[in-house]
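**Q** Okay, here's the structure, questions in a sec.
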Number of protein chains: 2
Amino acid sequence: MQVASMPDWLDIVAEGDRPSRSVLILDGFVCRYRLLAEGRRQIVSFHTPGDIPDLQSLHLKTMDHNVGTLVPSKLGFISHADMHALIRRFPGLGSLLWRDTLIDAAIFREWMVGLGRRNAHQRIAHLMCELLLRFRGVGLAREYQAPLPLTQMELADALGLTVVHVNRVLRSLREDGMLRVDRTSVSILDWERTTDLAEFNPLYLHQDKDAPT
Amino acid sequence: MQVASMPDWLDIVAEGDRPSRSVLILDGFVCRYRLLAEGRRQIVSFHTPGDIPDLQSLHLKTMDHNVGTLVPSKLGFISHADMHALIRRFPGLGSLLWRDTLIDAAIFREWMVGLGRRNAHQRIAHLMCELLLRFRGVGLAREYQAPLPLTQMELADALGLTVVHVNRVLRSLREDGMLRVDRTSVSILDWERTTDLAEFNPLYLHQDKDAPT
DNA sequence: CGCTCTCTTGATAGACTTCAATGTTAGTGG
DNA sequence: CCACTAACATTGAAGTCTATCAAGAGAGCG
């Protein structure tokens, strides 16, 4: 495995690429996104250390979206050939990775529910709850505070909103005493009211390791 | 494999279930969806014959969404135990199914882009293009006409809109000569203008079987 | 110090929703 | 064959959420 340090704002893989290796995040924060006409962008996922954000390229040769860093990050690269060999040798690893892509998909679905059926307040609250639990899962968050190295524009592009509106809603949530977001972190001040507002149910994160039947 | 015929409007699997088998669609039309408070619903995917809509239950024990039929359908049930045995015996089958879940996820991402960044006209046009190509892929569509056994309310719940607005936009697209939707099918009258409007790029469907590198 | 990027706020506009009512279609039973 | 019903489709009017346009304030950086 090769290791490389990336600056913020660098594309790791772009739409149309046919990668021969996958990326393991060792440190940092990465997102996947698609671009449309007139500069519109939709961020479709965030990824934390331990994730393999472009695992799909192992079975789908052509990338249908972009993967980029959001902060300076340390990345490991594993060739698809090596991964296939490892999976052949340890079939359990294959199942684990497959399971990972399924959790990815579960998060996509939950974001779809938000984009389609939650208003701006709920979407923001929901995303913050999700990120808090995910960062906790990798030991990077305190009880109710998680790193959040995102600009409001990046939040907007993940939430399907404009920067202006994100800014206003963040202020309103802050003034309500629910949660507080700054350039580096998020604090959830009232977990119960926040999860209520967001209709947040963490089941979709499948963090319990899903004790086998 | 057991086979069963289902009426329209029946839930096959519900949120919270821990299924011990997966469903193969032999005939019909199936969707996955989540429910929120006050009767809000988001449909997150549609599935055509040949799909295994709850394949994820093979590796994620607890369902985080519902699966239901949209028309009278014929379904096959395969126990997870049998599937695991088959995959152990034919590792290539595992890769194929994994690949299927990755295409699923790619479609989720594209829907997210629509829900987040496309307006109602574009969303409808995009969904119709997608369904046409997918139905063609399983030999169920003619050149520019595909079955579409959906009410406007079901469309609305998939598109993150209200029935009223879907109705108005459908009329506008019809009057524009782009496409025509009725209770049973969709006809795309002007493919070029429709794909242009929707910014539709079929790459995400990975229908080319992704000729290996 | 000037530049750029981000955050913030106000005013205005537009897309989509909500509420309400009517028209249409298909199925059921007498 | 026709009344009757329920689900679905359609249309209008009014309201709300979010976008757009515009401008100023802070913060980081060479």
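Where a number appears in this text, it was derived from the coordinates with a stated rule and is not lab data. Keep in mind it's a predicted model, so treat the numbers as computed, not measured. Methodologically, a virtual Cβ is constructed for each residue, glycine included, from the backbone with ideal geometry; neighbour enumeration extends over all protein chains shown.
**Q** Residues with amide H under 5 Å of A:L10's amide H, sequence separation 5 or more or different chain, H placed in the peptide plane at 1.01 Å from N; which?
**A** Counting only residues 5 or more places away or on other chains, the set is A:T69.
**Q** Rounded to the nearest 0.05, what FRET efficiency do B:V163 and B:D100 have when you use their Cβ-Cβ distance and R0 = 30 Å?
**A** 0.40
**Q** Right, another one. Taking N as the number of residues in the protein assembly as shown, what value does Rg over Cα atoms divided by 2.2 N^0.38 Å take?
**A** 0.96
**Q** Kindly give the distances from B:E38 to its copy-mates, label point to label point, with each label point 7 Å from Cα along Cα→Cβ, as nm values to one decimal ordered shortest first.
**A** Sorted ascending, the copy-to-copy spacings read 2.8 nm.
**Q** Hey, what angle do you get for helix A:120-137 against the long axis of chain A, alpha-carbon based, 0 to 90 degrees rounded to 10?
**A** Roughly 50 degrees between the two axes.
**Q** Report, for A:P147, each distance to the same residue's label point in the other copies, shortest first and in nm; define the point 7 Å along Cα→Cβ.
**A** In ascending order, 5.2 nm.
**Q** Then there's this: Restricting to Cα pairs below 8 Å that are 6+ residues apart, what does the relative contact order work out to for chain A? Please round to a whole percent.
**A** Relative contact order, chain A: 20 percent.
**Q** Please average, across the residues of A:155-167, the number of beta carbons from any other chain that are within 10 Å of each residue's own beta carbon, and give a whole number.
**A** Mean number of neighbouring Cβ atoms from other chains: 1.
**Q** Against the longest alpha carbon principal axis of chain A, how many degrees, from 0 to 90 and to the nearest 10, is the axis of helix A:91-117 turned?
**A** 30 degrees
**Q** Mind giving me the FRET efficiency for B:N119 and A:L86? R0 is 51 Å, r the Cβ-Cβ distance, nearest 0.05 is fine.
**A** That pair, B:N119 with A:L86, gives E of 0.70.
**Q** Would you mind getting the Kirkwood hydrodynamic radius of chain A from its Cα pairs, rounded to one decimal in Å?
**A** Taking every pair of different Cα atoms in chain A, averaging 1/r and inverting gives 18.1 Å.
**Q** Kindly put B:K74, B:K209, A:K61 in sequence by how many other C-beta atoms sit within 10 Å of each C-beta, fewest to most.
**A** B:K209, B:K74, A:K61
**Q** Under 4 °C and 1.567 mPa s, how fast does the range A:93-138 diffuse according to Stokes-Einstein, given a Kirkwood radius computed over C-alpha pairs? Answer in µm²/s, whole number.
**A** Calculated translational D: 111 µm²/s.
**Q** For the peptides A:159-168, B:47-56, what is the packing order when you average, over each peptide's residues, the other Cβ atoms within 10 Å and list the highest mean first?
**A** B:47-56, A:159-168
**Q** Using only Cα atoms, find the angle between the long axis of helix B:80-89 and the longest principal axis of chain B, and express it within 0 to 90 degrees, rounded to the nearest 10.
**A** Approximately 80 degrees, to the nearest 10.
**Q** Take every residue in peptide B:94-100, count the Cβ atoms of other chains within 10 Å of its Cβ, and give the average of those counts.
**A** 4
**Q** If you don't mind, another one. To one decimal place, what Kirkwood hydrodynamic radius in Å is obtained for the range A:17-76 from all pairs of distinct Cα atoms?
**A** Over the range A:17-76, the inverse of the mean reciprocal pair distance is 12.0 Å.
**Q** Still on this model: Shielding by partners for A:192-201, please: the mean number of other protein chain Cβ atoms within 10 Å of each residue's Cβ.
**A** Taking the mean over all residues of the peptide, I get 1.
**Q** Here's something else I'd like to know. For A:K74 and A:E199, calculate 0.36 nm times their separation in residues minus their Cα-Cα distance, and state this gained length in nm to one decimal.
**A** My answer for the length gained is 41.5 nm.
**Q** Which distance in Å, rounded to a whole number, links the C-alpha centroids of the range B:169-199 and the range A:57-109?
**A** Cα centroid of the range B:169-199 versus Cα centroid of the range A:57-109: 37 Å apart.
**Q** Express in nm, to one decimal, how much length is gained between B:V3 and B:D182 on full extension, taking 0.36 nm for each residue of separation and deducting their alpha carbon distance.
**A** 61.4 nm
**Q** Also: Whole-Hz ³J(HN,Hα) for each residue in the range A:169-185, computed from phi via Karplus 6.51 cos²θ - 1.76 cosθ + 1.60 with θ = phi - 60°, x for glycine and proline: what do you get?
**A** Per residue, the Karplus-derived 3J(HN,Hα) values read 5, 4, 4, 5, 5, 5, 5, 6, x, 8, 8, 9, 10, 10, 4, 10, 7 Hz.
**Q** Provide an ascending nm list, one decimal, of label-point separations from B:T162 to the equivalent residue in each further copy; define each label point as 7 Å from Cα along Cα→Cβ.
**A** Copy-to-copy label distances for B:T162: 2.2 nm.
**Q** Hey, got a sec? Which chymotrypsin sites (Phe, Trp or Tyr not before Pro) in the range B:1-64 land in a DSSP loop and have at most 14 other Cβ atoms within 10 Å?
**A** B:W9
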